[in-house]
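J.: My questions all concern the structure below.
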Protein chains: 2
Amino acid sequence: MTARSPANREFAIIDRLARRLPGPPAGEIWIGDDAAVLTPTGGRLLLSTDMTVAGVHADLTLVDVEDLGWRAVACALSDIAAMGGRARHLVIAAAGPPSTDMDRLGDGMIAAAAFHECAIVGGDLSLAPEVVVAVTVVGEIGEDPGPVLRGGARRGDLLFVTGSLGAAAAGLRLLRSRAGGEGHEMPTATDPTAVDVAAVDVAAVDAAAIDAYRRPVARLAEGESARRAGATAMIDVSDGFAVDLGHVAESSGVGFSLDQLPIASGASVDEALGGGDDYELVFAAPDPGRVAAAFDGAGLRSPTVIGRCTADPNQREWAGTPVAPQGWEHRWA
Amino acid sequence: MTARSPANREFAIIDRLARRLPGPPAGEIWIGDDAAVLTPTGGRLLLSTDMTVAGVHADLTLVDVEDLGWRAVACALSDIAAMGGRARHLVIAAAGPPSTDMDRLGDGMIAAAAFHECAIVGGDLSLAPEVVVAVTVVGEIGEDPGPVLRGGARRGDLLFVTGSLGAAAAGLRLLRSRAGGEGHEMPTATDPTAVDVAAVDVAAVDAAAIDAYRRPVARLAEGESARRAGATAMIDVSDGFAVDLGHVAESSGVGFSLDQLPIASGASVDEALGGGDDYELVFAAPDPGRVAAAFDGAGLRSPTVIGRCTADPNQREWAGTPVAPQGWEHRWA
């Protein structure tokens, strides 16, 4: 393709992407006008926006621009999962330098939207010095039980986590290690509960970890099941398990005492506690039987009970040891 | 403020901005959880997203980061105006390098939201190599008349434009000229209808043009009045009047014949035709009396009748001369 090809002009790219997307139902208008027109089915709306920046949230020397597109969509959807809502519509603003393959970026976004059964209904394309994707999700949620907030956990509630923690951070470590030509690097075991990688199929574990980083999945069905099972507070593990659980504890005015953590195969304890990017859900709920029944009824793997909420907001412990608020937070000068 | 001050950490900045914003009505949740919870009042929803990138849409050597924040919000709202809708809620993803004054960026966004009577209900802050702001607007629109699309213009419909054209481009030219130390630069008159700047108060004209560029206004009330007055097609002048009117003509399958254009004082014809960034509305409507009555009833200045839609889709003329599709379009390599 020659430089300045008409095929790589803004409106041509939008046309191409739009033709690959499913069209709207009667009465709605999606891509092609100044704004999308939607017909909510009733109930309350959820609205959330999330920005993914190359070099900050995803290193394009380690993952493909298509992966960045997928990640941007999945991360945004994860916020709707953390409310227990149903994600329905996405609008996406995407930008990148002239060398960006906007079609491949679109491939990843379209694949992630289809995987999570959401419709891309509008967007904006722009030039920018670096690849940046801002995804906004509109979701819906019923009235009873309503959205699961961060601040509703009560002392005595059990704490649950879906899936396992640390895989994405382990995957990023592996990608970095391979890019640096340093070969396979073992996680630093800082705790005896760290998995013994030598005992398992290393290649399969590595591939799973890298996939967890490249193609995270928003736990939408899990979030909805947790809401129906009486979850009192919920958050997604994006910045890091310890810091995200800390948000729940702070908002709810409770402490926590953890007994066990489902650490992903090949991940270190530090990666599980502070790595972030897992997009698993952490939630509090009083009744483990209801939780198990709701997840089972939806055909989902049961979440792990990791501990409980305590009355003392200063208590943040794992097996009696304080848990530092490990995780990511952007800082300006 | 010392570098790495805790006051410039992500969560502290969000807290500070959130405290300055009005809170939600009963039953809604705005900033502070994973997603905002909204209660639509019925009717259809409008959804639109728009990205503003420093160095692409706004030059931070010419305008303040606060202006960029204002512009990002106003440009996004303009898409809702172009549907004839009512803008209600905004979510904003903002990013910038470590040196960015995120509070001043927030000042501009908060001021623009308040000016346009919209609520900022959520957002995301991130580091990025350049300042980028993605604003998503949720609006509402009644059923009768419904949203004004681009493709509904019919031959014989009159064409209208709100306000005047070219002021923002003239303002940008003035800012560039001042930054370059070249003093006051007159517009190149490429047409005898260009305004004679020497005859008017140059300082006031310059200030108005610079303001039009720095602080554009989304014509929300005008868009709603046009919709109520039976507008058949509408678009906002963002990429450039000629290219934007071209979108309407193409979508509607009509041509256009223009008689006159309301060129802003101090702007050249080229700036009016192709400068973009004006955020005035161009619309087609069959009944000028209804349009005048609707605007007058809403206390708005009457839009200018600039010409009419014609049957031949290849006819795009101004006073018998072809109008080239001047304007902005991003291109990738």
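J.: What accessible area, in Å² to the nearest ten, does a 1.4 Å probe give for A:Arg215?
T.: Roll a 1.4 Å probe over it and A:Arg215 shows about 60 Å².
J.: Could you tell me what percent of the accessible area of chain B is made up of carbon and sulfur, with a 1.4 Å probe and every protein chain present?
T.: Whole-percent figure for carbon plus sulfur exposure: 51.
J.: Defining a contact as two alpha carbons under 8 Å apart and six or more residues distant in sequence, what relative contact order in percent does the range B:216-333 show?
T.: Once divided by the residue count of the range B:216-333, the mean separation gives 42 percent.
J.: Let me ask another. Hey, can you find the accessible area per residue of chain B for me, probe 1.4 Å, expressed in square angstrom?
T.: 38
J.: Under a 5 Å amide H to amide H cut-off, with H placed in plane at 1.01 Å, what residues pair with B:Ala35 once short-range neighbours are removed?
T.: none
J.: Need one word for chain A: rounded, prolate or oblate. Basis is the Cα gyration tensor (sqrt eigenvalues a ≥ b ≥ c); a/c below 1.5 gives rounded, then a/b vs b/c decides.
T.: Oblate is the answer for chain A, as a/c is 1.5 or above yet b/c matches or exceeds a/b.
J.: I've got another one for you. With contacts defined as alpha carbon pairs under 8 Å and 6 or more residues apart, what's the relative contact order of the range B:6-159 in percent?
T.: 32
J.: Quick one: if the Förster radius is 51 Å, what FRET efficiency do A:Asp144 and B:Gln260 give, using the C-beta to C-beta distance and rounding to 0.05?
T.: Efficiency, rounded to the nearest 0.05: 0.30.
J.: Output, in nm with one decimal and in ascending order, the distances from the B:Asp259 label point to the matching label points of the other copies (7 Å from Cα along Cα-to-Cβ).
T.: Counterpart label points of B:Asp259 in the remaining copies fall at 8.3 nm.
J.: Please say if the range B:207-286 is rounded, prolate or oblate, where rounded means a/c under 1.5 for a ≥ b ≥ c the square roots of the C-alpha gyration tensor eigenvalues, and otherwise the choice is prolate for a/b larger than b/c and oblate otherwise?
T.: oblate
J.: Between copies, how close do the B:Ala207 label points come, placed 7 Å along Cα→Cβ, listed in nm from shortest?
T.: 7.0
J.: Shifting gears a bit: Which residues of the range B:123-151 end up with at least 50 Å² less accessible area in the presence of all protein chains than when their chain stands alone, using a 1.4 Å probe?
T.: By number: B:Asp124, B:Ser126, B:Leu127, B:Pro129, B:Arg150.
J.: Taking beta carbons within 10 Å but only from partner chains, what does the mean come to for residues A:22-33?
T.: Partner-chain Cβ atoms within 10 Å, mean over residues of A:22-33: 3.
J.: Where in the range B:214-230 is the amide nitrogen less than 13 Å from a point lying 7 Å along the Cα-to-Cβ axis of B:Asp296?
T.: Answer for the range B:214-230: none.
J.: When only Cα pairs under 8 Å and 6 or more residues apart are kept, what is the percent relative contact order across chain A?
T.: For chain A, the relative contact order is 22 percent.
J.: Taking the label point as lying 7 angstrom from Cα along the Cα-to-Cβ axis, what are the distances from A:Glu28 to the corresponding position in the remaining copies, in ascending order and in nanometres?
T.: Copy-to-copy label distances at A:Glu28, shortest first: 2.2 nm.
J.: In what sequence, largest accessible area first, do B:Asp312, B:Asp124 appear using a 1.4 Å probe?
T.: These residues rank, largest area first, as B:Asp312, B:Asp124.
J.: Turning to a different aspect of this structure: Add -39500 (n - 2.57) for each DSSP H run of 4 or more in the protein assembly as shown, then divide by its residues: what number comes out at 222 nm, to the nearest 500 deg cm²/dmol?
T.: It comes out at -9500 deg cm²/dmol, rounded to the nearest 500.
J.: Name the residue farthest towards the positive end of the dipole of the range B:231-333 from the options B:Pro286, B:Phe241, B:Thr321, assuming +1 on Cβ of Lys and Arg, -1 on Cβ of Asp and Glu, about the Cα centre.
T.: Highest projection toward the positive end goes to B:Pro286.
J.: Tell me the total accessible area that A and B bury against each other, 1.4 angstrom probe, in square angstrom rounded to 100.
T.: By this definition, chains A and B bury close to 6400 Å².
J.: Given a cut-off of 19 Å, what percent of all Cα-Cα pairs of the range A:1-106 lie beyond it?
T.: When every Cα pair of the range A:1-106 is considered, 56 percent fall beyond 19 Å.
J.: Sticking with this structure for a sec: Mind jotting down the distance between the C-alpha centroids of the range B:65-125 and the range A:285-312, whole Å?
T.: Between the Cα centre of the range A:285-312 and that of the range B:65-125, the gap is 40 Å.
J.: Ok, one more. Checking buried surface per residue: for the range B:47-80, which residues lose a minimum of 40 Å² accessible area in the protein assembly relative to the chain alone (1.4 Å probe)?
T.: Hits at the 40 Å² cut-off: B:Leu47, B:Thr49, B:Met51.
J.: Label point 7 Å out from B:Ala7 along Cα-to-Cβ: which residues of the range B:125-143 have amide N under 16 Å?
T.: Of the residues in the range B:125-143, none has backbone N under 16 Å from the label point off B:Ala7.
J.: In terms of solvent-accessible area of protein heavy atoms at a 1.4 angstrom probe, what is the ranking of A:Glu66, B:Glu280, A:Glu143, highest value first?
T.: Reading off the accessible areas and sorting them downward yields A:Glu143, A:Glu66, B:Glu280.
J.: Shifting gears a bit: Using the Cα centre as the reference, give the magnitude of the dipole from point charges on the C-beta atoms of the protein assembly as shown (Lys, Arg: +1; Asp, Glu: -1; all else neutral), rounded to the nearest 20 debye.
T.: The calculation lands at about 740 debye.
J.: Taking the Cβ of A:Asp101 as the centre, find all other residues whose Cβ is under 13 Å away and add up their charges (Lys, Arg: +1; Asp, Glu: -1).
T.: -3
The values are calculated or read from the model by the stated rules, or taken from the named source; none is laboratory data. Everything quoted here is computed from the prediction, not taken from an experiment. Because the Cβ atoms are built from the backbone with ideal geometry, glycine has one as well, and the counts that use them run over all protein chains shown. SASA here: full protein model, heavy atoms, side chains in, ligands and nucleic acids out. Shrake-Rupley method; radii C 1.70, N 1.55, O 1.52, S 1.80 Å.
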